[in-house]
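**Q** Right, I'll just put the structure down here and ask away after.
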């Protein structure tokens, strides 16, 4: 026999197991391989942690994912800190993950490599997407912190090297939580302002954790999408970030970025002096050449009086030639006018009208004769068709009469009256219903019998069935 107090419901038993496990098994570290990883819309992660002899279900809730920089994948060896529990709804034993990190490499280093490989496969690092730096720079946008030494170093270099450029600072935090989003907003604001010829994204050196904002995907995509050329100047020369790979140009330091984007003032002055000297020499040479040409032309130029006499003689010759051409043209035109007048007389309107009247009369006569011939032909055709129609109608009437006689003969054979003439009769009830059976009439009812020469009215006295 058993004690009824010792009977548990399923939910009570699972709750007891859960409390027993949670109270007796502490939070511990486990190492294993990820398998069956799933990421539902809730944002939680579910996977199995396994080795070569067993596996256990694991749940990593969204709130515990804040410090995880790398992307968990199936087959990845990891180290987790977890608390054992029982999921009472299904009776599953599982681990609630509190912390996770990869085995062999650090959390941030693995996240760095994963994002680097992902963006490289998408082509964000390809040289074809790199924008060239402008030749002439009027305004330089700097994305950095206003409190750091970076912006002061950049201003110092530019004032010494190229003080003609305007510097616009887009202030942003460069370290800590939310810094990647702040940097992204600053880059977008600088790019959309259309005021800067080039942008410098800069900050001082630091550890991988300090520089992590420049390894975030959101910042990398903002640099890639910007239309303004961007120089990355992050950390020291040995520091490398994802932003360095995506940027159009990488500078080893912020000061080097300022030198890359601008020419040296002394070099520019030297070039200007040299260009001025070359321009002066070329101008003097050109002036001397034109003076020599002018002198040569002045010696070849004839005197005005002689030139006037030559032109007067030429004008007299042209005048005589013009008079001759005018007289010749006039005689030719008079001859053409006479010829046209004779032709016009031959083509006078009255002669043409008379000729057209004769042609019209001839055409009218031919048309009337043609109409008469056509009328005669149509009459002959109509008479022939009329004769054929009468003949066809008579033939059809004879055929229909013969067919009607055959139908009358057939109907006569089928007529009830013809049957009555052979000694048969038809009996009907008072309702004029034909009697087909003795069941159609009762004793005492009146009935009518039709013979070939009349009708007999009678009353039923007796009914016999055969």
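What follows draws every value from the coordinates through simple rules; no lab data is involved. If you're wondering where the values come from, they're calculated on a predicted model, not measured in any experiment. Quick reminder, even Gly has a Cβ in these numbers, built from the backbone with ideal geometry, and neighbours come from all protein chains shown.
**Q** Calculate the all-directions average of the projected area of the chain's alpha-carbon convex hull, and give it in nm².
**A** Taking a quarter of the hull surface, the average projection is 93.6 nm².
**Q** Ranked highest first by the average count of other Cβ atoms within 10 Å around their residues, in what order do 254-262, 19-27 fall?
**A** Highest to lowest by the protection proxy: 254-262, 19-27.
**Q** Considering the convex hull of the alpha carbon atoms of the stretch 4-104, report its projected area averaged over all viewing directions, in nm², one decimal.
**A** Projected over every direction and averaged, the Cα hull of the stretch 4-104 covers 7.9 nm².
**Q** Once you place label points 7 Å from the Cα toward the Cβ at residue 22 and residue 291, how far apart are they in nm?
**A** Computed distance between label sites residue 22 and residue 291 equals 10.6 nm.
**Q** Still on this structure: Points 7 angstrom from Cα along the Cβ direction at residue 411 and residue 189: gap in nanometres?
**A** 11.0 nm
**Q** What's the FRET efficiency of residue 99 with residue 274 using the Cβ-Cβ distance as r and R₀ = 51 Å, to the nearest 0.05?
**A** 0.20
**Q** A follow-up question, please. Using packing as a proxy for protection, rank 213-226, 57-70 so that the peptide with the highest average count of other Cβ atoms within 10 Å comes first.
**A** Working: 213-226: 20.5, 57-70: 15.4.
Highest-to-lowest ranking by the protection proxy: 213-226, 57-70.
**Q** Let me have the relative contact order for the stretch 134-263, percent, based on Cα pairs under 8 Å that are six or more residues apart.
**A** Taking the mean separation of contacting Cα pairs over the length of the stretch 134-263, I get 28 percent.
**Q** How big is the stretch 134-263 in terms of Cα radius of gyration and Dmax, in angstroms?
**A** Taking only Cα atoms of the stretch 134-263, I get Rg and Dmax of 13.0, 37 Å.
**Q** Which ordering of 77, 342 is given by a fewest-first count of other beta-carbon atoms within 10 Å?
**A** 342, 77
**Q** Please give the peptides 129-138, 47-56 ranked by average Cβ packing (other Cβ atoms within 10 Å per residue), highest first, as a rough proxy for protection.
**A** My ranking of the peptides, most packed first, is 47-56, 129-138.
**Q** Just the number, please: percent antiparallel of the DSSP beta bridges in the chain, rounded to the nearest 5.
**A** Values: 37 of 57 bridges.
Taking every DSSP beta bridge within the chain, about 65 percent pair in antiparallel fashion.
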